[in-house]
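The values are calculated or read from the model by the stated rules, or taken from the named source; none is laboratory data. On a predicted model such as this, the values are computed, not experimentally measured, just so you know. Note: ideal-geometry Cβ built from the backbone for every residue, glycine included; neighbour counts use all protein chains shown.
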Amino acid sequence: MQRELDVASKTERRSTEYLAEFLGEFAGTLILVLFGCGAVAVTVLFSAHTGLFQVAAVWGIAAMLAIYSTRHISCAHLNPAVSIAMVVAGRMKASKLPVYLAGQFAGAFLAAALLHALFASSIAQFEKAHGIVRGAPASKQTAVMFGEYYPNPGAGDNASVSTLNAMCAEMAGTYALVFLIFSLCEGCNVGRPDDSLTPLFIGLSLCMIISMIAPLTQAGFNPARDLSPRLFAYLAGWKQAAFPDRHWGFLTVYVFGPIAGGVLAALTFRIVIEPAMHTKSRSANCGCN
C-alpha cells in the first residue's frame with residue numbers, strides 16, 4: 001500500500017513539474033514571437049523600423065525579456081533547437097523534450113494569432129492599398145510577418161540564396177547561438193557574466209547573429225518560431241503563399257538547419273570545449289558549478 005502511495009505521489013509531482021515547464025516554455029515563446037514578429041509586422045505595415053539592426057535589436061530584447069520572465073518556471077529554452085541540443089549535451093532528460101516542444105510550438109502559434117488579431121484591419125488595408133490578393137503569390141509581402149522566406153524579400157535584388165545556402169546559413173546562425181548559450185551558462189567559464197545578466201548577453205548574441213544572417217533567410221534559428229506562425233498564416237488565408245516551396249525547402253532550411261546547427265554546437269561544446277574548460281579551471285584553481 002505504501003509503495004502504491006509513493007508511486008502515486010511521485011507521478012503527481014512529475015505531472016506538476018511537467019505542467020510548470022510546459023507553461024514556462026509556452027509563455028516564454030509567446031513573448032519572444034509576439035514581440036519579434038511584431039517588429040517585422042510594424043516594419044512591413046508602417047515602416048516603423050528603418051534598418052535591419054532595429055528589428056534585430058527588438059528580437060534580442062524580446063529574447064532577454066522572455067528568459068527573465070520564465071526561467072524560474074522552466075529552463076527558458078524557447079526554441080526546439082536549443083532543447084534538443086540540451087538533451088544531446090546531457091543537460092536535460094530526453095523524457096522532458098516532448099513537454100518543452102509542445103509548449104514552444106503552442107506559444108508561437110498563439111503569438112501569431114494575437115499578432116493577427118491586433119493588426120488584422122491594418123493588414124487588410126495594406127493589401128487593399130497595394131492590390132494584394134491574400135493567398136496569391138504576391139501576398140508573400142504580408143505573409144512574411146509570420147513565416148520566413150529565403151532570400152529575405154526585403155533584401156533587394158542583391159540577394160541570391162539557394163536552398164543549400166539558406167540551410168547552411170540557418171545552421172551556422174543556430175550553431176553560433178547555441179554555442180554562445182552553452183558558453184554563457186557554463187559554470188567553469190570564469191569569463192561568463194553573472195547569472196542575473198546571462199539573459200541580457202543571450203539577447204545581445206541573438207541580435208548580432210540576426211544582423212548578419214537576416215538578409216539571407218530572415219534569420220529564424222528556431223523551428224517553433226517559423227512553423228507555428230507559418231501554419232497560422234496558412235489557416236488565416238495565405239494558403240500556398242505561406243508554404244511557397246513545393247519541394248518543402250522550408251523544412252530543410254528552417255527546421256533541419258537549426259536543429260542540425262544546435263546539435264553540432266552541443267557536440268562541439270561537450271566533446272571539445274567543456275573538457276578544456278574543466279582542465280583550465282582545475283589548473284587555475286577556479287570553481288566549477
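Brief remarks on what is shown
- Any chance G191 is touching a residue at least 24 places away in the same chain (Cβ under 8 Å) and out of contact with any strand residue (DSSP E or B) (no Cβ under 9 Å at 6 or more places or on another chain): no
- Within the range 110-148, restricting attention to residues that are surrounded by 13 or more Cβ atoms within 10 Å (Cβ to Cβ) and of a type in the set (S, T, Y), the residue that is farthest from T217 (Cα to Cα) is S122.
- Count of residues meeting criterion [assigned to a loop (DSSP other than H, G, I, E, B) and of a type in the set (A, V, I, L, M)] in the range 20-51: 1
- Looking only at residues of the range 231-253 that are touching a Phe, Trp or Tyr at 6+ places or on another chain (Cβ under 8 Å) and buried (at least 21 other Cβ atoms within 10 Å of the Cβ), we find that the one that is farthest from T142 (Cα to Cα) is V253.
- Residue ID - surrounded by the fewest Cβ atoms within 10 Å (Cβ to Cβ), chosen from residues in the range 13-42 that are touching a residue at least 24 places away in the same chain (Cβ under 8 Å) and of a type in the set (S, T, Y): Y18
- Qualifying residue in the range 198-212 (condition: in contact with a Ser or Thr (Cβ under 8 Å, 6 or more places away or on another chain), at pLDDT 95 or above and crowded, with 23+ Cβ neighbours inside 10 Å): no
- Qualifying residue in the range 100-122 (condition: without any contact (Cβ under 8 Å) to a residue 60 or more places away in the chain, in contact with a helix residue (DSSP H, G or I) (Cβ under 7 Å, 6 or more places away or on another chain) and not acidic (D, E)): no
- Within the range 150-176, the residues that satisfy the criterion of being surrounded by 23 or more Cβ atoms within 10 Å (Cβ to Cβ) and either without any contact (Cβ under 8 Å) to a residue 24 or more places away in the chain or out of contact with any Ser or Thr (no Cβ under 6 Å at 6 or more places or on another chain) (or both) are M171, G173, T174, Y175.
- Within the range 66-87, tally of residues that are surrounded by fewer than 20 Cβ atoms within 10 Å (Cβ to Cβ) and more than 17 Å from L184 (Cβ to Cβ): 4
- Residue in the range 210-228 that is out of contact with any Lys or Arg (no Cβ under 6 Å at 6 or more places or on another chain) and without any contact (Cβ under 8 Å) to a residue 12 or more places away in the chain present: no
- All conditions but one from (1) surrounded by 23 or more Cβ atoms within 10 Å (Cβ to Cβ); (2) under 16 Å from the mean Cα position of the chain (by Cα); (3) not basic (K, R) apply to L97; the one that does not is (1).
- When residues of the range 189-240 are limited to those that are among the polar types (S, T, N, Q) and part of a helix (DSSP H, G or I), the one farthest from the chain's Cα centre (by Cα): Q240
- A56 satisfies every condition listed in (1) surrounded by 22 or more Cβ atoms within 10 Å (Cβ to Cβ); (2) at positive phi except (2).
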